[in-house]
Amino acid sequence: MNARQGRTTFHRFFSGFVLVLVLVFAVVVINAYRAHPSNLLPLSILSTAQTNSATQALSQPSPTPAQTPVGASACSTLSGSLHAEDMPSAILGETLHYQVYLPPCFDPFADRRYPVLYLLHGLYTDESQWNDIGLSKAADELIAEIDTAFIVVMPRLINTDISRKFPIHQVIPEELIPHIDSTYPTLADRDHRAIGGISRGATLALRIGFNHRTLFRKIGMHSFPMLIDESNRFAKAIGEIGKDERPELFLDVGDSDPEQYLARNFEHELAKLDIPHSWHLFSGSHDGAYWAENIAAYLKWYAQGW
């Protein structure tokens, strides 16, 4: 090979090598652009794109919070929640325990307020009695049906004293209600507050509800066992107050309840004095099966008008 032929071969080799380098660089650039196209845009174009994106995001309207209580239609959750809570009680000199049912999609920070139902348990049991007979499930189903959410508060009562001087008469209106209204987003007025009870709790509900009737629109008395003399005095007192001041009344008892005559007597007195009330003689006795069977009817009556 002469010198001229050597130079020609070298030039051909070098040109081929350069061509390979160019092709490799092109492949790298194309792949980089596909992975991160914005990194290869001119700064002026990139700045404009980012600014437009930010402006568009800021211009989107924010959702407006609900101004009134809502129920199932605005809520994707089907079940409420049950919580065990407590509060100090100066009247009792000890802690008052209570359970609270919060409805589906409850949000304490939303612009939304709820009616409150206070439910009292029977003798020789505690605040868990209401959920044992199906309160949470019945409340979930009712809220989905009527599209109105509400809170239920179930305090623990002392079981050793059923006299009229029972401390819970003071604790509920003077301590528990202010505590609930300051802790939860409630509709803190008479029209959106009710009280009810089972058995011994029914007599307490009447005593508390009537004596503090500026606090409660409705009083529910389930398996009502108040003695005749006292229930007659209450009937007379209810008849003597103005119609606008009277609470709405719900009274029921089982047709096999051994003390049904006590509830029947009170109903008779209310009817005799022409006092409006809702009266039900349901099938059943004085037990959990009876209350579980009728809890849906109880809640539906309390929630009417909410």
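When you check A149 against the structure, is it within 12 Å of the chain's Cα centre (by Cα), within 26 Å of F224 (Cα to Cα) and at pLDDT 95 or above, yes or no? Spelling it out, it is not the case that A149 is within 12 Å of the chain's Cα centre (by Cα), within 26 Å of F224 (Cα to Cα) and at pLDDT 95 or above. Mind checking whether some residue in the stretch 217-226 is modelled with pLDDT of 95 or more and under 30 Å from F109 (Cβ atoms)? Yes, there is a match, as at least one residue in the stretch 217-226 is modelled with pLDDT of 95 or more and under 30 Å from F109 (Cβ atoms). The set of residues in the stretch 189-215 that are under 24 Å from R112 (Cα atoms) and in contact (Cβ under 8 Å) with a residue 60 or more places away in the chain comprises D191, H192, R193, A194, I195.
For every residue, the table says whether it meets (1) under 19 Å from the mean Cα position of the chain (by Cα); (2) assigned by TED's automatic domain parsing to the domain that holds Y290; (3) of a type in the set (A, V, I, L, M).
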{"position": "H83", "(1), (2), (3)": "yes, yes, no"}
{"position": "G93", "(1), (2), (3)": "no, yes, no"}
{"position": "Y98", "(1), (2), (3)": "yes, yes, no"}
{"position": "L102", "(1), (2), (3)": "yes, yes, yes"}
{"position": "C105", "(1), (2), (3)": "yes, yes, no"}
{"position": "A110", "(1), (2), (3)": "yes, yes, yes"}
{"position": "P115", "(1), (2), (3)": "yes, yes, no"}
{"position": "D126", "(1), (2), (3)": "no, yes, no"}
{"position": "N131", "(1), (2), (3)": "yes, yes, no"}
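Would you point out which residue out of D126, D111 is assigned to a loop (DSSP other than H, G, I, E, B) and under 24 Å from T203 (Cβ atoms)? When all the criteria are applied, what remains is D126.
Considering each residue of the stretch 144-156, count those that are closer than 20 Å to A205 by Cβ and not in a loop (DSSP other than H, G, I, E, B), and give that number. Residues flagged as closer than 20 Å to A205 by Cβ and not in a loop (DSSP other than H, G, I, E, B) within the stretch 144-156 amount to 5.
The lone criterion from (1) surrounded by 13 or more Cβ atoms within 10 Å (Cβ to Cβ); (2) touching a helix residue (DSSP H, G or I) at 6+ places or on another chain (Cβ under 8 Å); (3) outside any helix (DSSP H, G or I) left unmet by E141 is number (3). Here the condition is being farther than 15 Å from L96 by Cβ and surrounded by fewer than 24 Cβ atoms within 10 Å (Cβ to Cβ); of H179, H212, H169, it holds for H212 alone. The residues of the stretch 60-89 that are of a type in the set (A, V, I, L, M) and at pLDDT below 95, listed by number, are A66, V70, A72, A74, L78.
Within the stretch 272-280, can one find any residue that is more than 29 Å from the chain's Cα centre (by Cα), crowded, with 16+ Cβ neighbours inside 10 Å and of a type in the set (F, W, Y)? Checked against the condition, which is being more than 29 Å from the chain's Cα centre (by Cα), crowded, with 16+ Cβ neighbours inside 10 Å and of a type in the set (F, W, Y), the stretch 272-280 yields no hits at all. Every test in (1) part of a loop (DSSP other than H, G, I, E, B); (2) buried (at least 16 other Cβ atoms within 10 Å of the Cβ) is passed by L119 save one, and that test is (1).
The values are calculated or read from the model by the stated rules, or taken from the named source; none is laboratory data. As the structure is a computational prediction, the values presented were derived from the model and not from experiment. So basically every Cβ, Gly included, is an ideal-geometry build from the backbone, and we count neighbours across all protein chains shown.
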